[in-house]
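Beneath this line is the structure, given in structure tokens, with notes to follow.
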Amino acid sequence: MIRKEPRLYYRVFVWSGTLRLFHWTLAFSTFILVLTGIYIHYPPITTKWAEFKPQYIMATLRYWHFCAGYFFICALLVRFYLFFAGNQYERPTDFLPINKRNLQSLVHNIKFYLYLTDEHECRMGHTILAGTIYFILFICGVIMGLTGLYLLYPETPMVARMGHDLFGTPQQARLIHYLLNWFFIFFIMVHLYIAIWNDFKAPDAIISGAFSGSKMMPADLECPIEELEKIPFEK
Amino acid sequence: MSNNDHTKDFVGGGVSRRTFLKGCALAAATLGLSPDVVPKMVEAAMSPKRPPVVWLHFQECTGCSESLLRSARPDIATLILDLISLDYHETLMAAAGKQAEENLRNAIKKNTGKFICVVEGGIPTKDGGIYCKIGGRTALDIVTEVAPRAKMVIAIGTCAAFGGVQAAKPNPTGAVGVQDIVKGQTIINIPGCPPNPENFLATVVQILTYGRPPELDELGRPKFAYGRKIHDHCERRPHFDEGRFVECFGDPGHKKGYCLYKVGCKGPVTYSNCSVERFCNVGAWPVGAGHGCIGCTEPGFWDTMMPIYKHLPGIYIPLGGGIREQAEKIGEVAVGGAAAVIAAHAAVGVGKKIFSSVKGSSQKKDDEK
Ligand code: HEM
Ligand code: SF4
């Protein structure tokens, strides 16, 4: 398909302020969690200078890990709330492959990412592929949060019982916590790459959308978005 | 205590009042009770009505009994044996064969609902439990007969509590702990490989004094002994917090007493009072001696705590004929894989772009012509 440029675009408001707040809280907390988590898992040799000056490096990084962990859990709670109370695009029904239309769209997404088609599907919300992966990420985040709380408060009877029923011993929970850590690292890498790649390939400007909350939609496209604010925008 | 009445001491001869007082004070300290209760404990312990105890041995190495009896502190064993009336204990009793089995039957009949049943060792359940038989009967049979008739059950050692080493994968005999078989009975788990005799003593004294078991955690372990992580009471903990770790055994850090986290210490996930109670009356314990904790008081000990010198377990990857990979490898694969996929994806994209622009420009040239 040859795109005709210039083309008329609408700036469409998609992502609510709450969702963007969630996104950036999750992003920063995950970043800190991954870095401090890797230190906790394998503290590199700092022994040479650790002898001379008290520095509490493990204690400090664990403290950051727990603080970031709380931000992470709060972010997940906000996202959970938005599953039900968010706008049309923030609800799971919009981005999970649960009906025929979404399934077809999923197949199309996969083709697009495999360079099998150049036709970019301009969707208002998440693409189905992205939405599905975000949903898996959310589940993994919940597991991270629960195993993390279990490792943090193993002596609190309620937490201990929850952890025991769900994950077994703290050692098993720690293994799950550690393995999923790599899923998050994998996700961060792929997510950043895909966002940049999309910025090259597609016109909807998703990176700036993560800040502004709006997406660019070609005006010649049929958009079922009467109720939303449309701002004509000349490119 | 002269040498010639040694046996008498072990099977419940006299213990001096001084030993009694010392033992009860020790038990009170282990339980975290105030010294005010010591007289009460002494009174209970001195009472002529000693609780009958039946001690069952199943799939085990007798290490729990051995560590109790052959500790550097024989007065503990003597004291325990003096506090209770040991009616049946395969390692200690004089009776053998038919007579021994007779003793067991009588003890149960006479004291139904009153005796304490101590179980040492795991219980095999596969193939009808034929992998452990005593006097022609399976362990499964014996425990289901004896345990429900007891006042309460003390599972001593990790094998009796959670199955222990013979429950390690693939668990050929289907070994389990007492709590997986006996339901509706008070079961006190005192895991450890072997457990500290002082914890057993304190539990027994608590039962004698108050007639009820100590407060238990969700795994049935007394909270006074298993309520805290080893890591939280470890003398090497300041080194952990400061980021000073032993890199390998025998290095300068090891000689200076640094934290053993990087050489596989399981202290952060193991619940026990080893670091506080210590062993053998000489203030020794594994981490103090320079070896990491191996996590022997936890369920799934062995499977989840191996390898000993890594702090996370190896995980089984079904590919490549079943290689046992270290958890760390997963990380390398995940990140390496992601990087490779991204690079390939970007390369294809750029390649396609170049290809189409070359094609596009040659088309333009054609048009110009
Ligand atoms: C994306 C989210 C997270 C990542 C990537 C992450 C990563 C890690 C890693 C790699 C470890 C080291 C595991 C080991 O080798 O022992 C760790 C430990 C831990 N994490 Fe997290 N974590 C996350 C979320 C959380 C959350 C939400 C909490 C709870 C507040 C938490 C609490 C802990 C605790 C308590 C430990 C054990 C620290 C220790 O053993 O000293 N984590 N985390
Ligand atoms: S030696 Fe083990 S228990 Fe002690 S501080 Fe280090 S990791 Fe924790």
Inset, instruction - Working only within the range A:157-186, note down all residues that are in contact (Cβ under 8 Å) with a residue 24 or more places away in the chain and facing chain B (nearest Cβ under 9 Å). - result: A:173, A:174, A:178, A:181, A:183, A:185
Inset, instruction - Would you point out which residue out of B:278, B:244, B:236 is within 28 Å of residue A:178 (Cβ to Cβ) and at pLDDT below 90? - result: B:244
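Name the residues in the range B:136-148 that are touching a Gly at 6+ places or on another chain (Cβ under 8 Å) and not β-branched (Val, Ile, Thr), would you?
Looking only at the range B:136-148, we keep the residues that are touching a Gly at 6+ places or on another chain (Cβ under 8 Å), and these are B:138-141, B:148.
Selection gives B:139, B:140, B:141, B:148.
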Legend entry - Hits in the range B:280-302 - residues which are touching a residue at least 24 places away in the same chain (Cβ under 8 Å), out of contact with any Ser or Thr (no Cβ under 7 Å at 6 or more places or on another chain), more than 10 Å from ligand 2 (Cβ to nearest atom) and more than 18 Å from residue B:219 (Cα to Cα): B:281, B:282, B:294
Inset, instruction - Six or more apart or on different chains, Cβ under 6 Å: which pairs go from a residue in the range B:257-270 that's without any contact (Cβ under 8 Å) to a residue 40 or more places away in the chain to one that's of a type in the set (Lys, Arg) and within 12 Å of ligand 1 (Cβ to nearest atom)? Could you list them? - result: none
Inset, instruction - Could you list, in sequence order, all residues of the range B:224-254 that are more than 9 Å from ligand 2 (Cβ to nearest atom), in a helix (DSSP H, G or I) and within 12 Å of chain A (Cβ to nearest Cβ)? - result: B:226, B:252, B:253, B:254
Inset, instruction - Determine which single condition residue B:204 fails, assuming it passes every other condition in (1) β-branched (Val, Ile, Thr); (2) under 15 Å from the mean Cα position of the chain (by Cα); (3) surrounded by 21 or more Cβ atoms within 10 Å (Cβ to Cβ). - result: (2)
Inset, instruction - Can you work out which of the residues in the range B:225-258 that are within 17 Å of residue A:42 (Cβ to Cβ) and out of contact with any Lys or Arg (no Cβ under 9 Å at 6 or more places or on another chain) is farthest from ligand 1 (Cβ to nearest atom)? - result: B:251
Inset, instruction - Among the residues of the range B:146-165, count how many are under 21 Å from residue B:63 (Cα atoms) and more than 13 Å from the chain's Cα centre (by Cα). - result: 2
Legend entry - Out of A:116, A:152, A:77, sole residue that is surrounded by fewer than 18 Cβ atoms within 10 Å (Cβ to Cβ), modelled with pLDDT under 85 and of a type in the set (A, V, I, L, M, F, W, C): A:116
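Count, please, the residues in the range B:265-279 that happen to be more than 9 Å from ligand 2 (Cβ to nearest atom) and either within 20 Å of residue A:173 (Cα to Cα) or assigned to a helix (DSSP H, G or I) (or both).
Keep residues of the range B:265-279 that are more than 9 Å from ligand 2 (Cβ to nearest atom), which gives B:269, B:271-274, B:276-279.
Within this subset, residues satisfying the condition of being either within 20 Å of residue A:173 (Cα to Cα) or assigned to a helix (DSSP H, G or I) (or both) are B:269, B:271-272, B:274, B:276-277.
Residues flagged as more than 9 Å from ligand 2 (Cβ to nearest atom) and either within 20 Å of residue A:173 (Cα to Cα) or assigned to a helix (DSSP H, G or I) (or both) within the range B:265-279 amount to 6.
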Legend entry - Filtered residue count, the range A:207-220, keeping only those that are surrounded by 19 or more Cβ atoms within 10 Å (Cβ to Cβ) and part of a helix (DSSP H, G or I): 1
Legend entry - The lone exception for residue B:230 - which of (1) under 24 Å from residue A:156 (Cα atoms); (2) at pLDDT below 90 it fails: (2)
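Only residues that are farther than 16 Å from residue B:273 by Cβ and not in a loop (DSSP other than H, G, I, E, B): list them for the range B:206-216, please. Give the derivation first.
At the first step, the residues of the range B:206-216 found to be farther than 16 Å from residue B:273 by Cβ are B:207-213.
Answer for the range B:206-216, where residues must be farther than 16 Å from residue B:273 by Cβ and not in a loop (DSSP other than H, G, I, E, B): B:207, B:208, B:209, B:210.
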Inset, instruction - Check residue B:218 against each of (1) closer than 19 Å to residue A:174 by Cβ; (2) at pLDDT 90 or above and name the one condition it does not meet. - result: (2)
Inset, instruction - Pick out the one residue from B:271, B:261 that is farther than 25 Å from residue B:177 by Cα, within 11 Å of chain A (Cβ to nearest Cβ) and aromatic (Phe, Trp, Tyr). - result: B:261
Legend entry - Members of the range A:164-174 that are in a helix (DSSP H, G or I), within 19 Å of residue B:230 (Cα to Cα) and more than 16 Å from ligand 2 (Cβ to nearest atom): A:164, A:172, A:173
Legend entry - Matching residues in the range B:255-264 - criterion: being crowded, with 22+ Cβ neighbours inside 10 Å and either among the aliphatic types (A, V, I, L, M) or assigned to a loop (DSSP other than H, G, I, E, B) (or both): B:258, B:260, B:263
Legend entry - Scope the range A:119-139; condition within 20 Å of residue B:342 (Cβ to Cβ) and of a type outside the set (A, V, I, L, M); matching residues: A:120, A:127, A:132, A:134
Inset, instruction - Considering every residue within the range B:201-215, establish whether at least one is on the phi > 0 side of the Ramachandran plot and at the interface with another protein chain (Cβ under 9 Å from one of its Cβ atoms). - result: no
Inset, instruction - State the number of residues belonging to the range B:286-304 that are within 11 Å of the chain's Cα centre (by Cα) and hydroxyl-bearing (Ser, Thr, Tyr). - result: 1
Inset, instruction - Determine whether the range B:64-72 contains at least one residue that is of a type in the set (D, E, K, R), at pLDDT 70 or above and touching a strand residue (DSSP E or B) at 6+ places or on another chain (Cβ under 9 Å). - result: no
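The values are calculated or read from the model by the stated rules, or taken from the named source; none is laboratory data. If you're wondering where the values come from, they're calculated on a predicted model, not measured in any experiment. Don't worry about glycine lacking a Cβ; one is built from the backbone with ideal geometry, like all the others, and counts go over all protein chains shown.
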